[in-house]
Amino acid sequence: MTAESNPDMKTNRSTCKTTDALENLAADGATSIDTNPQDDVKNMSPLDHPRYKANPIYLIFECYIEDTVGHLPEVKSKALQDMNLQKVFKTKATDWRAVIRETLHLSDTIDIAIQDLWYQNRGAFMDENGRADTYVFSQVFTDELMEDGSILDVWPPGALDAAKKRIRRAKNDDKATGNHGSL
């Protein structure tokens, strides 16, 4: 799904960029969600980070992506749930993941798009110790999805089934080798 095929998506994403949303996120504890420890910007609230200051929703969406590929630490997931994002974004959904899906008007297949791209490209997202760097992947995915005309979650005939098969295969391979989503 793209902003072009869903006009509400672009409008809602712009709404999420407001100062009010930034203040609400900060008031509800978004500062407990860390940014990349490798960032040059130290000793600042994540919401003061240049990447997130104008787009606070990116911080939460990137956690969503990390959770979708199985790399979001439980403490961060709990912190997100405790932030009461339903109140911040005025959604019907209560689970933090569902709140993000509703707020950004994400499709029912967004998790498949995230997992498929992760499993296909995770070799390119390794840190200096050879571990999966889902933080960088989540930033790249977010940037690509938020681009006007993005086709990351658009499925030509047969593509969705092929993606599901690739994900199943990758998960089975990981299970057989004990990798748990890394390489």
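The table below gives the values:
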{"quantity": "Unsatisfied cross-links (Cα-Cα over 29 Å) in the set LYS76/LYS175; LYS53/LYS87; LYS90/LYS165; LYS78/LYS171; LYS87/LYS175; LYS90/LYS175", "calculated": "LYS90/LYS165; LYS87/LYS175; LYS90/LYS175"}
{"quantity": "Net charge of neighbours whose Cβ lies under 10 Å from the Cβ of THR68, counting Lys and Arg as +1 and Asp and Glu as -1", "calculated": "-2"}
{"quantity": "The stretch 104-183, relative contact order [Cα under 8 Å, separation at least 6], %", "calculated": "38 percent"}
{"quantity": "Mean Cβ count within 10 Å, highest first, over the residues of peptides 126-132, 108-114, 49-55", "calculated": "108-114, 49-55, 126-132"}
{"quantity": "Estimated FRET transfer efficiency (LYS78, ARG131; beta-carbon r; R0 25 Å; 0.05)", "calculated": "0.65"}
{"quantity": "At R0 = 35 Å, FRET efficiency that the Cβ-Cβ distance of LYS171 and ASP148 yields, to 0.05", "calculated": "0.60"}
{"quantity": "The stretch 114-139 residues near the modelled ALA162 label - backbone nitrogen below 19 Å, point 7 Å along Cα→Cβ", "calculated": "114-122"}
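Taken together, the values in this text are just the output of simple stated rules run on the coordinates, not laboratory data. Every value quoted in this text rests on a predicted model; they were computed, and no experiment measured them. Ideal geometry is used to build each Cβ from the backbone, glycine not excepted, and the neighbour counts take in all protein chains shown.
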